[in-house]
Structures are given as C-alpha cells and as structure tokens.
Amino acid sequence: MKKILWKDEHLYSKKAKRIFYGMLFVASFAVLLLLGQHIFVYVGVNKVHTLHIGNLEIANKISEKQARLSASIDFLIDKFGSDEEIFAHVGLTKLYVGGYAPNKYTTVSMNINILKHIYKTCEAYNVDPQIIIAMACVESGWNPTARSDKNAIGLLQILPSTARLVRNIKSETELYNPFLNVSIGINWYSILLEKHLGNHNKALTEYYMGVHNKETSKYASKILELADAMDIRGQITEGR
C-alpha cells in the first residue's frame, strides 16, 4: 500500500491542509473553552459554598452569644433584687459583649461599682444612665486613665476647666478617679440637657464641642444609637 505523505500534492492540496489545520484549531479551542467553563463553574460553586458555610458559622456564633447573654441576664435578674444591682450586672454583661470591659484598666468589681454609681447619680440628676454608659464607651473606650490631646481626662473625658465650673476640684488629677469623673460628667450633661429643654442631640453636641471645639451631628447619633443598642432597661423589664 502506498504511504501517504503531506508532501504528496496529488492527494492533498495546500487548500485541504489549511482546512484541516483550521478545523483542528477550532476543535482544540472548543475543548479548551469547555474545560475553562467547567473550571470556572467549579471554582464559583466552591466559593459560594465556602461563603455560605462562613455565613452560617457567623450566624451561629451570633446566636450563641445572644443566647448566652439572655441566659446571663435571666440569671442576674433572679439573683439580684434591686434595680441598681440588676442594672450594674446587666450593664457589665453588655459592656463585655461590646468588647469594652473588663479591660486592663478596670476589674470586674470596679466596673460593677462604677455602673452602680452611674445608676444612682443618673437617678439623682434625672439622666438616662444608658446614655452615660454609651458616652464612656465612645469617649474613652471605658478607660478611666484616658487623656486626650485636648487635655480631656477619664471615662467621660472631662476638661479640667469644665470640672472647675461644675465642681471645685483642687487638681486635675482628681479626674482620673472614675467615680468623681462620672459624677461631674453626669452633672454637666444634666445642665446641658436642661439648657436645651431635654433635647439629647443638642446636649450631646454641646458636650462634644466642649472637648473638640467644633459642631458635629455624628457624635450625638453615635451615642444615642449605642445607648439604644445596649437597651439595658429593656432587658431588665423583659426579664421580670
């Protein structure tokens, strides 16, 4: 049998060879395209699956944290009788979940006493204690040793000039005492609240201006949103 060679122009013309190679190229391209589509779909499905699993894990963690929080609050409400005690322990739980306490600046017992003090002082000045707690978280990160570049000191970032206006302190170092700092801050906020006829947005904005000397609406919104999110009173009422 005669061996067929590409060079045999009697059997295969140049045109036929071009057609053959063209078909081979198209077929190869189609195979590669199909393979690429399969790989793309496979990777996409895996990514979606991974994201789905990740979202489920996050959702489960959030649910577990909320369940633990609810169980803790129920336990605290059963264990402690007075509103002051309940507020302090529920408040500490909320601070813990928010990542503010306990921290390297305070102990658990110290935080409980600070929260009790906030509750009692707010009752005396007719101020919402949740707002004060939110202010301490935003102002100082719940750090009684904090000092800003504007010389604002302590949990509620009190200026020495404001402290002297509200209360006759002998030294600005007294503002590192969290109980005195909180007392002065609540007193000052009550004055601002009365000045603005109970308008928390305006009172909070002026409180912020005292430290930063510029007006902003974001500060007031941030404080009020955090206070609402904590909902310490709501948790206590719901648990009773």
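The values are calculated or read from the model by the stated rules, or taken from the named source; none is laboratory data. No experiment lies behind these values; they were computed from the predicted model shown. Cβ placement follows ideal geometry from the backbone for every residue including glycine, while neighbour counts extend to all protein chains displayed.
Quick notes on this structure:
- Among the residues here, L76 does not qualify as at pLDDT 85 or above and either under 20 Å from the mean Cα position of the chain (by Cα) or of a type outside the set (F, W, Y) (or both).
- Residue check for L115: at pLDDT 60 or above and surrounded by 16 or more Cβ atoms within 10 Å (Cβ to Cβ): yes
- The set of residues from the stretch 181-238 being modelled with pLDDT under 90, surrounded by fewer than 16 Cβ atoms within 10 Å (Cβ to Cβ) and of a type in the set (A, V, I, L, M, F, W, C) comprises M209, A229.
- Scanning the stretch 145-157 for any residue that is of a type outside the set (A, V, I, L, M, F, W, C), modelled with pLDDT of 90 or more and in a helix (DSSP H, G or I) turns up nothing.
- Y176 vs. criteria in the same structural domain as K94 (by TED's automatic domain parsing) and touching a residue at least 60 places away in the same chain (Cβ under 8 Å): no
- Taking the stretch 164-206 as the range and being over 21 Å from Y219 (Cα atoms), of a type in the set (A, V, I, L, M, F, W, C) and assigned to a helix (DSSP H, G or I) as the test, the residues that pass are L165, V166, L175, F179, L180.
- Only one of the listed residues (A124, A146, A136) is touching a Gly at 6+ places or on another chain (Cβ under 7 Å) and not β-branched (V, I, T). That residue is A146.
- Residue match in the stretch 122-131 (condition: of a type in the set (S, T, Y) and either more than 29 Å from N199 (Cβ to Cβ) or at pLDDT below 95 (or both)): no
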